[in-house]
Amino acid sequence: MSANIAEMERRRAAAQIGGGQKRIDAQHAKGRLTARERLDVLLDEGSFEEVDTHVEHNCTDFGMAGNVVPGDGVVTGSGTINGRLVFVFSQDFTVFGGSLSERHAQKICKVMDMAMRLGAPVIGLNDSGGARIQEGVASLGGYAEVFQRNVLASGVVPQISMIMGPCAGGAVYSPAMTDFIFMVKDSSYMFVTGPDVVKTVTNEVVTQEELGGASAHTVKSGVADLGFENDIEALLQLREFFDFLPENNRAGVPERPSSDPWDRQEPSLDTLIPPSANQPYDMHECIRKIVDEGTFFELQPTYAGNILIGFARVEGRTVGIVANQPMVLAGCLDINASKKAGRFVRFCDAFDIPIITLVDVPGFLPGVAQEHGGIIKNGAKLLFAYAEATVPKITVITRKAYGGAYDVMASKHLRGDLNYAWPTAEIAVMGAKGAVEIIFRSDMGDPEKIAERTREYEERFANPFVAASRGYIDEVIYPHSTRKRIALGLRKLRNKGLENPWKKHDNIPL
Ligand code: HXC
């Protein structure tokens, strides 16, 4: 018996060192942790239970028969984060560059299948040179098996990708189909084709970092949600983030104790809106003053800053926040903002997370680039997402709600449950100046008349009461009481039951 145990221990020890000390040292020299060290930081101490430690590849080409490493380049299993179950895979760059073989893929698929059966999230720590070149089509098949599961798991359990090294070729498409992508700055990159191919095909000279580093994807492409300074910060922040998420689409949002009074008043919100309608203010301030302990886990802060998205809590329960940001492009909706917020709204709806929408939007961003870039279809993504969402939706209009953007931002007409406005709200088809220039075009030669007409229009429409008189706004509220109103609303809406008509699936304008 003891000889058997010794053999098991010998094999386990062999798996622990992956590709060997030299490659582990090389990984450390790049400022990166190994696959196992990463899991140690991510998961609760001692909670990791590994599976498939002894899986080996089945490739015999290119001298691979004699080159076998137990585990085959990915560490898989389950553990807990602050006590809640999660399934994980962590690619081991020290073993064939973390490349994906048929067996490597099977290991990932096994934990994904388990996660779906048991209703627990999946976190992938990606650090891989892509398809295992020696295996050819077998590794492509392996990728497709993973892709298929990503799609089936979408909307069933949360899926998170943390990119911690290279992620090239088709390897980027599994993360792309997960719910959130995080990256490590100066240490991870994602691209479909690398700098060499780019140079050959388009003659563009670009570094890996410029092409697909964290800043490229968190600022320019919007592919990634956040970039972190290093492995440790990334994994600790991922633990924080995980606490906001439900375990699955039936579990409901997690709840944790909060000492922040539900009816806390914020007198400073009464003076948040500047006297001039053209003066910006920081919507972050409004969010922080409403949510528990001022904690807002913002996603994509450096991409499409004209809209803010992220998670927070009210009375200890997760909410999704979507808010126009007057400090960037005056808070207009454009293509990128619509895509960013549309996808977030759909995540919240899929996982039963109530959506709080704070509105200060002068309209859709005008311009040739926007029109030719497809603002019609892209703007419709956010409209569609809000309209199909059946989760509790509470909307607060702080200032402008103009034109189509008024409709889009979780208006009453899109089944908003509770639609509030501050007394500073202005709800109209368009701003006074633009409106007067159109409907009183014949008076344009007379500045005095135009000024009079503009004043008239402002008096009539630059307020929330016309909309409130029609019941489009449920109540005009004191800004200082916003948190209390939202908390009461969420309590009321806890058992909301609303279903869309049966269909195979909808056809959101992609
Ligand atoms: C097998 C690989 C590998 C791969 C790296 N290695 N990538 N082995 N298949 N795809 C091995 C190397 O041979 C090396 O082994 C070790 O991993 C470390 O690699 P290095 O090149 O020394 O590391 P580094 O300089 O850091 O460069 C990392 C890298 C580079 C940028 C990822 O290795 C690279 O470009 N690899 C190939 C990337 C690629 O083209 N992949 C296929 C993409 S196509 P030793 O023994 O020396 O330690 C694809 C199709 C999928 O993925 C389609 C799905 C739909």
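Throughout, read-outs are computed from the coordinates displayed, never taken from laboratory work. Note that the coordinates shown come from a computational prediction; the quantities given were computed from them, not determined experimentally. A quick note on method: Cβ atoms are made from the backbone with ideal geometry, for glycine too, and the neighbour counts reach across all protein chains shown.
Listed values, structure above:
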| quantity | calculated |
| --- | --- |
| Cα-based equivalent ellipsoid of the chain: semi-axis lengths in Å, sorted from largest, via gyration tensor | 49, 25, 19 |
| For segment 80-127: span of alpha carbons on each principal axis (Å, largest first) | 33, 21, 10 |
| Check: segment 1-136 dipole with +1 on Lys, Arg Cβ and -1 on Asp, Glu Cβ, in debye | 180 |
| Segment 64-145 - Rg (one decimal) and Dmax (whole number), Cα, Å | 13.1, 42 |
| Share, in percent, of DSSP beta bridges within segment 311-388 that are antiparallel, nearest 5 | 45 |
| 20 °C / 1.002 mPa s Stokes-Einstein diffusion coefficient of segment 211-257, Kirkwood radius on C-alpha pairs, µm²/s | 169 |
| Helical mean residue ellipticity (222 nm; -39500 (n - 2.57) per DSSP H run of 4+; nearest 500) of the chain | -10500 deg cm²/dmol |
| Segments 243-249, 495-501, 200-206 sorted - mean Cβ within 10 Å per residue, highest first | 243-249, 200-206, 495-501 |
| Gain on full stretching of the segment that runs from D243 to Y173 - 0.36 nm per residue minus C-alpha separation | 22.6 nm |
| Whole-angstrom gap from segment 383-456 to segment 20-91, using each part's C-alpha centre | 54 |
| FRET efficiency for A29 and R491, using Cβ-Cβ distance with R0 set to 56 Å, rounded to 0.05 | 0.55 |
| Whichever aspartates and glutamates have a C-alpha closer than 16 Å to that of K449, once near sequence neighbours (fewer than 8 apart) are set aside | E437, E458, E459 |
| The chain - percent relative contact order, Cα under 8 Å, separation 6 or more | 9 |
| Equivalent-ellipsoid semi-axes of segment 376-510, from the Cα gyration tensor, Å, largest first | 33, 21, 9 |
| Over segment 203-285, volume per residue of the alpha carbon convex hull, in Å³ | 233 |
| Over 16 Å [Cα-Cα, segment 398-469], rounded percent | 51 |
| Projected label distance in nm at S221 and R12, using a 7 Å step from Cα toward the beta-carbon | 4.0 |
| Charge dipole (debye, nearest 20) of the chain; +1 at Cβ of Lys and Arg, -1 at Cβ of Asp and Glu | 980 |
| Cross-link partners of K185 among lysines (Cα-Cα below 25 Å; sequence separation of 8 or more within a chain) | K22, K30, K199, K220, K339, K340 |
| Among beta bridges that DSSP assigns inside the chain, antiparallel share in %, nearest 5 | 35 |
| Alpha-carbon radius of gyration plus Dmax, which is the widest Cα pair, for segment 49-189 in Å | 14.2, 45 |
| Residues T207 and V429, FRET efficiency given R0 of 60 Å [Cβ-Cβ distance, rounded to 0.05] | 0.80 |
| Full-stretch length increase - R256, A369 - with 0.36 nm per residue and alpha-carbon distance subtracted | 36.2 nm |
| Mean Cβ neighbour count within 10 Å, used as a protection proxy, ranking 23-33, 413-423 highest first | 413-423, 23-33 |
| Dipole in debye (nearest 20) - segment 381-495, about Cα centre, beta carbon charges: Lys, Arg +1; Asp, Glu -1 | 800 |
| Length released on extending from A65 to E475, taking residue separation times 0.36 nm less the Cα-Cα span | 140.4 nm |
